[in-house]
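Heads up, the thing below is written out as structure tokens.
Only the coordinates and a few stated rules stand behind these numbers; no lab work does. Note that the structure is predicted; figures quoted are calculated from it, not measured. A quick note on method: Cβ atoms are made from the backbone with ideal geometry, for glycine too, and the neighbour counts reach across all protein chains shown.
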Amino acid sequence: MKRNLFTQVALLLLTCTLPQRTQAQNADWQIVGQNINPANYYGITVANGMIGLVSSPEPMKVKDVVLNGAFDTYGRGRVSNILKVFNFANMNLDVDGTRIGPRDIANYRQTLDMQKAALTTTFDYKDKVSVKQTMMALRHLPFSELTMVEITARKDCEVMPMSVIESPENLKEVKNFYSEIDRPHVTIRLLTSVAKSPSGRHTVAASTSFLFDELHGQEPDVIHEDWDYNMHLAKFKKRLKAGETYRFSVVGSVSSTAHTADPHNEAERLTIFAALERTQRLLSRHNAEWDKLWQSDIIIDGDPDAQRAVRQALYHLYSFAREGTAYSLSPMGLSGLGYNGHVFWDTELWMYPPLLMLKPEIAKSLLEYRFERMAMARQNAFSHGYTGVMFPWESDADGQEATPVWALTGPFQHHITGCVGWSFWSYYQVTKDKEWLRTRGYPMLKEVADFWVSRVEKGTDGQYHINNVIGSNEWQENIDDNAFTNGMVKTVLPMATKAAQELGIAPNPQWNAVAANVPILTFPDGTTKENRTYDGVMIKQADVNLLAFPLKLITDEARIRKDLAYYAPRYSPDGPAMGWSVLSTLYTRMGDPEKGFEWFVKSYKPNEVPPFGVLAETAGGTNPYFATGAGGMLQAVLNGFGGLDLSDAGISQLKSRLPKKWKSLTIKGIGVEKKTVVVK
């Protein structure tokens, strides 16, 4: 029996009063790394939309710290790269004068609690101590991180914990500082490092401080040590009796001139603020913010593996973006330096739609990123002989074209500009925010439409052709009349007209005239042709099939099936994860949830890497976390199995069916009204 329900927010609030979850339900929120092999380890990220901390197989270490919005020119391709900044979350631990290391520990285990966005590492050192370390990027303090440590003595011993700041190789002119601020009730000890980015464009600073539990009485003496190889630390000694547990925390903050004029002072002030908030207040506020985020959730009954994967995808999208900013999403989010931290179509077409449906307030930030970079996009159009705005294929902090010059995608993958316009109208469809449409949505859509009117070429056949482009299938370069590019133009130009009409503005009549006469090519049997010269070669990723979803430009089921039958076998097994999710969504929407489920599993399972199952871009890939794939997989659940549909009427629900393996699907917190849908 199938039921589709809309339940009001009151039901959600009621569930908050239910008893604590069972152990099995708790497992739905946990991702455990066991039997960790450092030679085959891909870290999991704790992030808050501003800083990303990537886990390490080494005890009490962090592999990378990435700072959103801070870019400089270094490394691959002579283009800007997101900054890898000070590793201010690293720690050392000496026990009875010996430094612990990977070879000396046992029972090493790392667990991510997705509900609280906290990574806990536990291990035993010989027969002397057991250690528990919990790390989080504080959600309410965007530039700050908290690490909590518990050391339990198994026999009498002396421990010496160390808070360490290390500089990555890309930073230069590193200066280290240590200071103490004494007050009658507390002493704040600041460990601070300041450096220049590779070209000197930015100054970067990080600062940390110990937080000692007042219940332990007198705080220990802290010693500062400065080293020659861009590292310094603060440490203290503590004698423990067998069975005794000692607790302390470290709070740290990072900043740069991309965010504030004086990052040195800012990092220290933020750390002082956090230090005086104390551990429990920091923890409480952090957890409260994540509780708000998880009011929008996806619950799958009957398939624990799918539940884990879907919730992990949501966790990463929530971690990599935040409300109230003008930052967007890179394909790898804040999980490292993949794709230089640049912003592609991956945001608008793949990651943005799930956020729009579940967290429109976060989706708004992604749009603001594009809006604030319109001037650069306008200059880009002008430089290429067009009008309106022409967004770069790879966008950096300034919004300039940051694709390496050897990659032709930069000057030719123009469908990105259509994707940006499409995402802006989608936001209005969901929110009906007319003031936003007046100040943000329509100004963007108008210039996107003007670009395409200047970009098309009228042929002798009377149609408007889009020549010399690269479509979403990047393996075919400099082609004419690409299906997805043309389809996006046919979709977004009428959106600009609707936006004008919503505001009582007379639209440019050319917009609809051009849209009506941009061709979608077909083979003689009616199958959609990917481009004018396409001859059936293997493709990298979805192109033609995107016209059926999400564009809904092709709606005839017979034609959708024909296109699926032709192109699905031509998807390369080496293609990126999100391509398979489109096939899943289409089959499910056409009433074949079992076939949809097969493609859904293929959209994530072959791409999981140990020990946490984080997603790589491709099956067998080594560059996680691939947030683009997460966005596609979530669309297969939301828009496929969940039946959610976006139109000018807002978010509605189509008839949908679940795969036999699933007992039910619950989607909570949908849209601005925070509705709930249940499918059984």
* Would you please calculate the Kirkwood hydrodynamic radius of region 440-545 over all C-alpha pairs and express it in Å, rounded to one decimal? => 14.5
* Taking N as the number of residues in the chain, what is its Cα Rg relative to 2.2 N^0.38 Å? -> 1.00
* To do: Would you please give the FRET efficiency between Arg247 and Gln295, computed as 1/(1 + (r/R0)^6) with r the Cβ-Cβ distance and R0 = 35 Å, to the nearest 0.05?
  => 0.70
* Suppose R0 equals 45 Å; then what is the FRET efficiency for Ala261 and Gln379 from their Cβ-Cβ distance, rounded to the nearest 0.05? -> 0.95
* In whole angstrom, note down how far apart the Cα centers of region 453-485 and region 291-336 are. => 35
* Using the 2.2 N^0.38 Å rule of thumb for compact globular proteins, work out how region 47-293 stacks up: its C-alpha Rg over that value, please. => 0.99
* To do: Calculate the tail of P(r) for region 476-606: the fraction of all Cα-Cα distances greater than 18 Å, expressed in %.
  => 58
* **R0 of 56 Å, Cβ-Cβ distance Asp556-Arg285: FRET efficiency to nearest 0.05** => 0.60
* Could you check how many percent of all C-alpha pairs in region 390-432 are farther apart than 12 Å? => 61
* Asked: Using only helices, what value at 222 nm comes out for the chain when you add -39,500 (n - 2.57) per DSSP H run of length 4 or more and divide by the total residues, to the nearest 500 deg cm²/dmol?
  -> -9000 deg cm²/dmol
* In nm², what is the average projected area of the convex hull enclosing the Cα atoms of region 148-300? -> 13.0
* Over the chain, what is the mean sequence separation of C-alpha contacts under 8 Å (at least six apart), divided by residue count, expressed as relative contact order in percent? -> 14
